[in-house]
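For reference, the structure is listed below as structure tokens.
The values are calculated or read from the model by the stated rules, or taken from the named source; none is laboratory data. In this text the structure is predicted, and so the values were computed from the model without any measurement. Note that we place each Cβ from the backbone using ideal geometry, even for glycine, and neighbour counts take in every protein chain shown.
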């Protein structure tokens, strides 16, 4: 069966845990069945409806956006965005862990249908895959130990050790624009937390919303410093050249902006810590 093949690819490619969520099990609403004939024959939407499942890559280690819950199912704003798309197709959402360095590979080899994983849209990635969205615009920031007084922004990173995730936009930004900092990378941002606590690294860098989640969980240990120093438009990754599917997802996003589901998804997740922003304009490139 195709679904079994896809799951096996995902597990083999990334050593991942595959989890499913449907309807109220993941905080969403019960979905209504959709007739595949509503979509063009041979389209990704028709295929997903026929299979009854959409496979979504997301983070499992990022509070507020994609964090594995006590029941083993990831929760967060990215998960809710993925669930919006699943609901619009009337199918079950199957969530698969997608670490930063693996996201393009998962899309290209067919292990997932989409990736919703704090995934910054940029030109290099668009050479390999396509993006729907953006559905949120974050900004790179810095997190340090709560008692750190040496680092107040990126201009203070010279001679400091900075931790980030393999294959991430924030890590590349440090390489390109702050070469006097020593960059250390791991597979996941959570791998940076113990080194920061122990003083092995001086700062952790990624998007402000991700770091805000860690600070919210450990306010006595960590703090954010300085202003955001980039703009990171989060998009939904999908196969290169699948224009019909990209258009469909963009339509779903715009409908969710208009009818309040996007704001509700934010307020039920990241909104516990951060104010509700205005949704960004979808880029139908």
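Among the residues of region 231-262, those that are within 17 Å of the chain's Cα centre (by Cα), surrounded by 15 or more Cβ atoms within 10 Å (Cβ to Cβ) and within 24 Å of residue 207 (Cα to Cα) comprise 232, 233, 234, 235, 236, 237, 238, 249, 250, 253, 262.
For region 170-220, give me each residue that is assigned to a loop (DSSP other than H, G, I, E, B) and either touching a helix residue (DSSP H, G or I) at 6+ places or on another chain (Cβ under 9 Å) or at positive phi (or both). Listed by number, the residues that qualify are 178, 181, 187, 188, 199, 200, 201, 202, 218.
Being part of a strand (DSSP E or B) and within 21 Å of residue 124 (Cα to Cα) is true for just one of 237, 167. Which residue is that?
Details: 167 fails: part of a strand (DSSP E or B).
One residue alone meets the criteria, 237.
Considering (1) out of contact with any helix residue (DSSP H, G or I) (no Cβ under 6 Å at 6 or more places or on another chain); (2) closer than 30 Å to residue 40 by Cβ; (3) not in a helix (DSSP H, G or I), the lone condition that residue 277 does not fulfil carries the number (2). The criterion of at least 3 residues that are in contact with a helix residue (DSSP H, G or I) (Cβ under 7 Å, 6 or more places away or on another chain) and at pLDDT 90 or above is met, among helices (runs of 4 or more DSSP H) falling completely within region 1-102, by 44-51, 77-89.
Apart from one condition, residue 112 fits all of (1) over 25 Å from residue 68 (Cβ atoms); (2) assigned to a loop (DSSP other than H, G, I, E, B); the exception is (1).
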